[in-house]
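Here's the structure, in structure tokens; my notes come after.
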Amino acid sequence: MSGLFLTLEGGDGSGKSTQSALLAAWLRERGREVVLSREPGGTELGAEIRELLLHRRAYMAPRAEALLYAADRAQNVATVVRPALEAGAVVLQDRYLDSSVAYQGAGRVLSPDEVRRLSLWASEELLPDLTILLDLDPAVGRARLDGARTRYDRLEAERQDFHERVREGYLALAAAEPARFLVLDASQPVHDIADAIRGRVATLL
């Protein structure tokens, strides 16, 4: 049985964690081994990088931020993702290289092409079989976060215009690679979104 690499992308508050849990349960019911991962923080080293990236309050240069994400990605792909795929598992990951292109490229106004090349180098050219983009108005995402937490990480705390650039960056990526992306309106009911994801993933199993 061949492995399958699925990633969930979207702005903060778009529902990635909820949909990941629902999809993992559905896949396991169908007898597939599921390996859950995330970026940043999918490995022991990645957890330390995640702390620097999301919770260190001092200024971080955009290029330094992009390089730290790439380092996390290289470790995660080498030690978690590729071994699981080679063993025939489904890897279901919260964020991957498209997050870097959207957040550090569009959001931080670095070159999206340069960030993508860095990410592909770090991951040894590994692309997902399917990327599920949960598209949501950043103002709606912020309202969801406001109701769920009292403390924001570094990226969540960015201004509205940053998150609008991130959304535009994601949609541009999806438009450029329509065969790899499934774009869904994340303001829909949770189970409607889950059904649409299952329908697409079923074609890959």
Considering only segment 40-50, how many residues are buried (at least 19 other Cβ atoms within 10 Å of the Cβ) and in contact with a helix residue (DSSP H, G or I) (Cβ under 6 Å, 6 or more places away or on another chain)? 6
Looking only at segment 54-73, and only at residues there that are within 15 Å of the chain's Cα centre (by Cα) and of a type in the set (A, V, I, L, M), the one that is modelled with the lowest pLDDT: 54
Answer yes or no as to whether residue 70 is in contact with an Asp or Glu (Cβ under 9 Å, 6 or more places away or on another chain), in contact (Cβ under 8 Å) with a residue 12 or more places away in the chain, buried (at least 16 other Cβ atoms within 10 Å of the Cβ) and of a type outside the set (Val, Ile, Thr). no
Considering only residues of segment 2-22 that are of a type in the set (Ser, Thr, Tyr) and not in a helix (DSSP H, G or I), which is modelled with the highest pLDDT? 7
Single residue of segment 1-28 satisfying the filter (of a type outside the set (Gly, Ala, Ser) and closer than 22 Å to residue 151 by Cβ) that is surrounded by the fewest Cβ atoms within 10 Å (Cβ to Cβ): 18
Of the candidates 2, 99, 111, 14, the one satisfying the condition of being over 19 Å from residue 133 (Cβ atoms), in contact (Cβ under 8 Å) with a residue 60 or more places away in the chain and of a type in the set (Ser, Thr, Tyr) is 2
Subset of segment 154-179, residues surrounded by 14 or more Cβ atoms within 10 Å (Cβ to Cβ), assigned to a loop (DSSP other than H, G, I, E, B) and either in contact with a Phe, Trp or Tyr (Cβ under 7 Å, 6 or more places away or on another chain) or of a type in the set (Asp, Glu) (or both), comes to 155, 156, 158
Which is closer than 21 Å to residue 70 by Cβ and surrounded by 16 or more Cβ atoms within 10 Å (Cβ to Cβ), of 122, 186? 122
Out of the residues in segment 137-153 that are of a type outside the set (Asp, Glu), surrounded by 11 or more Cβ atoms within 10 Å (Cβ to Cβ) and out of contact with any helix residue (DSSP H, G or I) (no Cβ under 8 Å at 6 or more places or on another chain), state the one that is farthest from residue 194 (Cα to Cα). 149
Check 153, 195, 146 and return the single one that is in contact with a His (Cβ under 7 Å, 6 or more places away or on another chain) and either free of Cβ contacts under 8 Å to residues at least 12 places away in the same chain or over 17 Å from residue 7 (Cβ atoms) (or both). 153
Members of segment 124-143 that are without any contact (Cβ under 8 Å) to a residue 24 or more places away in the chain and within 30 Å of residue 3 (Cβ to Cβ): 125
So, residue 95, is that one closer than 25 Å to residue 190 by Cβ and surrounded by 14 or more Cβ atoms within 10 Å (Cβ to Cβ) or not? yes
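The values are calculated or read from the model by the stated rules, or taken from the named source; none is laboratory data. This structure is a prediction, so every number in the text was calculated from the model and none was measured. Positions of Cβ are backbone-derived with ideal geometry, glycine not excepted, and every protein chain shown enters the neighbour counts.
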